[in-house]
């Protein structure tokens, strides 16, 4: 019987078989191939992409993204020879999109890296809680955090959030929930540090009528309330040892038993736990069950302290003001206020920053927030005459001139959201700068074409 010789598929044909956007890039940043999924997703033809440099296509920039302070996965692959993943913001025509990039080396016959294959995983638009963005910040620590969350959120893996008090662990847990397959289900919170031993058990697992003094009726616990959703257990390091075994059983079997009941109930709940304590050390010392610790920590995530991502302080401060009913009249924040906010280490983290901003708005009354309205309660840790920590941000904000705004608007073809990202300010702040410059006659109305 004659064996038929089938033609080998080309690289382009193989790439077109992939269901997600995929491009091939050479070491000079030039795109040499783009699959059908990529072109379909962004509404462009291969001719519009192939031959152009990736930073020109995706960032509207004449220089590689590493020159603009972004982490470049292509450069990391060439440097290390390993795969790389990073979170980026891409611009395509009038479309702005957050994407997870997964870059892999493509080697020639001699084993040298000849090209880089890049999978583009578009992150769907963020669902919101009462119109409030779940995570604020574009610093490298926050992008790294978001990258980890994007990987674990679609799974059912238990997540353990570690970090100091006030860093926003509940907000991070909300982000995991809203990007998970359970995002349409309930998000239920319990704080172990605020409840007594018996009350925690009743809150978590519920109780039957007459189970204890005061139990006048059957009550569903928070595990049942979180059915088909996410249960966020905050300060799990404070959970009494007697209840840790019951929680372990619930995690391992997916069943719970109400206080005073003999029946086990099936629950379909994803658990996200958090603590500001060193429970790994507690497990070694015997004050926290080791088996529960290992069950909780298949995917531990460290939430950074605010002092580790001070570049996000201006965006966070403006966010808190924008959520205040009377806060928008204080925007944009003057550069000297930004510098004062940056010249502090925030031992209370994001929670402390929010309190500082709210207090400043009250002290300013109907006027503009000034440096004297910024009260930390304690002297700033940095020397008052020295450079502010995060001075890059302060300098960038201080240098927003009419020329810079005009140049950025022209470069981004008048799109405010892209211009705001380029200038390092919020879109709301950019709008106010544009309006101010327009009233002064220093910017033409037709230059700004909205989104």
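Just so it is clear, none of the values below were taken in a lab; they were calculated from the coordinates. Every value quoted in this text rests on a predicted model; they were computed, and no experiment measured them. Glycine also receives a Cβ, built like all others from the backbone with ideal geometry; neighbour counts cover every protein chain displayed.
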| task | Given the peptides 430-436, 34-40, arrange them by the average over their residues of other C-beta atoms within 10 Å, most packed first. | result | 34-40, 430-436
| At what distance in nm do the modelled label points of residue 228 and residue 14 sit from each other, each positioned 7 Å from its Cα along Cα→Cβ? | 4.3 nm
| query | Efficiency by 1/(1 + (r/R0)^6): what FRET value for residue 109 and residue 323, r their Cβ-Cβ distance, R0 = 45 Å, to the nearest 0.05? | reply | 0.20
| remark: In terms of the alpha carbon gyration tensor, root eigenvalues a ≥ b ≥ c, rounded if a/c is under 1.5 and otherwise prolate when a/b exceeds b/c or oblate, the range 140-302 is prolate
| field | Estimated FRET transfer efficiency (residue 308, residue 435; beta-carbon r; R0 22 Å; 0.05) | value | 0.05
| field | Euclidean distance between Cα centres, the range 150-167 to the range 306-337, Å | value | 26 Å
| Tell me, what is the percent relative contact order of the range 11-122, built from C-alpha pairs under 8 Å that lie six or more residues apart? | 24 percent
| request: Compute the relative contact order of the range 144-256 as a whole-number percentage, counting only Cα pairs closer than 8 Å that sit 6 or more residues apart in sequence. | output: 26 percent
| Label point 7 Å beyond Cα of residue 280 along Cβ direction - residues of the range 298-339 with amide nitrogen under 11 Å | 300-302
| field | Fraction of antiparallel bridges per DSSP, the range 140-302 only, in percent to nearest 5 | value | 20 percent
